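Data first, discussion second: the structure below is written as structure tokens.
The values are calculated or read from the model by the stated rules, or taken from the named source; none is laboratory data. These figures come from a predicted structure and were not determined experimentally. Glycine gets a Cβ as well: all are built from the backbone with ideal geometry, and neighbour counts include every protein chain shown.
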């Protein structure tokens, strides 16, 4: 693939903003897909194309057209994984996960159903196309790694990458889907071939439990007893406040468990890594000169988010001047 790459964060059905961003980056629609003049640049989409926004179908079709034309690589996000799991019956393929309640790999409780409403509405009257969309999601890689960068939806974990490589699994298309999706949902390792841990790290990132009695509500009002972790920070002497990565939430500087303190982290000398997932606020900025998050809450409840990109040209020290973005609500 090209060494000149435009990484784009979580879209969540915000097709209009995506079109404006692509044009701002210099892409043009040719032959049914957006391409850069002379095919000199490639887009890497970092996942979460569906849910939340009202133009899911249009978004998926644009991303898929670019992927099929060779002008983009599309990675899987946790929302794509959630959708595949939500619509898949538990036990199909021989791996029945006893820890999961209900007949599907994801519980069909009210709040779980609500997450998928926008996606289903976008495909109303188009069931065959909806099923075809799910087949497309199965082909999305969990991560992308080259000699100059790494990219995934949430967290890059070296051991997880090695585990998936050893198993010959790059996406849910690398084997029997019924079996792979069950193994990816086998959180408590009921079967010896569980791949829950590596898939969970790549698509959702690491979390740690909060101290007894401490909770917070996320942007959608859900009560949380766990917090996401800054997986690029050395946790050895860090406290809860320093390690927690929940934008807009301030936690106290409590001690963390020895298990958390001993976990691996993404070092300063590793190649640049690009990801989304974390609902950042404000203007795009680098986390570190080799750590770049591109989820700036275009689908956030505050209504002041952005769809962000980073223009990468193989530099090993990232430059904040290379961010490009459009504000939510921007249309052609």
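Is it true that some residue in segment 87-95 is more than 24 Å from the chain's Cα centre (by Cα) and closer than 19 Å to residue 200 by Cβ?
Yes, there is a match, as at least one residue in segment 87-95 is more than 24 Å from the chain's Cα centre (by Cα) and closer than 19 Å to residue 200 by Cβ.
In segment 281-300, how many are more than 13 Å from residue 325 (Cβ to Cβ) and touching a helix residue (DSSP H, G or I) at 6+ places or on another chain (Cβ under 7 Å)?
Final tally of qualifying residues: 1.
Which of the strands (runs of 3 or more DSSP E) found entirely inside segment 1-71 contain at least 2 residues meeting this: without any contact (Cβ under 8 Å) to a residue 60 or more places away in the chain and touching a strand residue (DSSP E or B) at 6+ places or on another chain (Cβ under 6 Å)?
42-45
Here are some conditions: (1) touching a residue at least 40 places away in the same chain (Cβ under 8 Å); (2) farther than 27 Å from residue 323 by Cα; (3) in contact with a strand residue (DSSP E or B) (Cβ under 8 Å, 6 or more places away or on another chain). Residue 83 meets all but one. Which one does it not meet?
(3)
Scan segment 314-332 for residues that are under 21 Å from residue 49 (Cβ atoms) and touching a helix residue (DSSP H, G or I) at 6+ places or on another chain (Cβ under 9 Å) and jot them down.
Correct list: 324, 325, 326, 327, 328, 329, 330, 331, 332.
Which residue out of 38, 77, 102, 53 is in the same structural domain as residue 170 (by TED's automatic domain parsing), farther than 23 Å from residue 190 by Cα and surrounded by fewer than 21 Cβ atoms within 10 Å (Cβ to Cβ)?
After applying the criteria, what remains is 38.
Out of (1) under 30 Å from residue 255 (Cα atoms); (2) more than 19 Å from the chain's Cα centre (by Cα); (3) touching a residue at least 12 places away in the same chain (Cβ under 8 Å); (4) in the same structural domain as residue 45 (by TED's automatic domain parsing), the odd one out for residue 158 is which?
Here residue 158 meets the rest and fails (2).
Quick check on segment 249-276: of everything there that is outside any loop (DSSP other than H, G, I, E, B) and in contact with a strand residue (DSSP E or B) (Cβ under 7 Å, 6 or more places away or on another chain), which residue is surrounded by the most Cβ atoms within 10 Å (Cβ to Cβ)?
275
Counting only residues that are under 20 Å from residue 204 (Cβ atoms) and not in a helix (DSSP H, G or I), which one in segment 109-128 is modelled with the lowest pLDDT?
Among those that are under 20 Å from residue 204 (Cβ atoms) and not in a helix (DSSP H, G or I), it is 109.
Applying the selection to segment 1-24, what residues are surrounded by fewer than 17 Cβ atoms within 10 Å (Cβ to Cβ) and within 21 Å of residue 286 (Cβ to Cβ)?
Matches in segment 1-24: 3, 4, 24.
Answer with yes or no whether residue 311 is touching a helix residue (DSSP H, G or I) at 6+ places or on another chain (Cβ under 8 Å) and within 30 Å of residue 13 (Cα to Cα).
yes
Taking segment 2-30 on its own, how many of its residues are on the phi > 0 side of the Ramachandran plot and at pLDDT below 95?
Residues that pass the stated criteria total 0.
Would you say residue 193 is over 22 Å from residue 240 (Cα atoms) and either in the same structural domain as residue 84 (by TED's automatic domain parsing) or in contact with a helix residue (DSSP H, G or I) (Cβ under 7 Å, 6 or more places away or on another chain) (or both)?
When the stated conditions are applied, residue 193 passes them.
Among the listed residues 137, 131, 144, which satisfies the condition of being part of a helix (DSSP H, G or I) and either in contact with a strand residue (DSSP E or B) (Cβ under 8 Å, 6 or more places away or on another chain) or buried (at least 17 other Cβ atoms within 10 Å of the Cβ) (or both)?
Only one candidate qualifies: 137.
Would you pick out the residues in segment 289-313 that are exposed (fewer than 14 other Cβ atoms within 10 Å of the Cβ) and at pLDDT 95 or above?
Matches in segment 289-313: 313 only.
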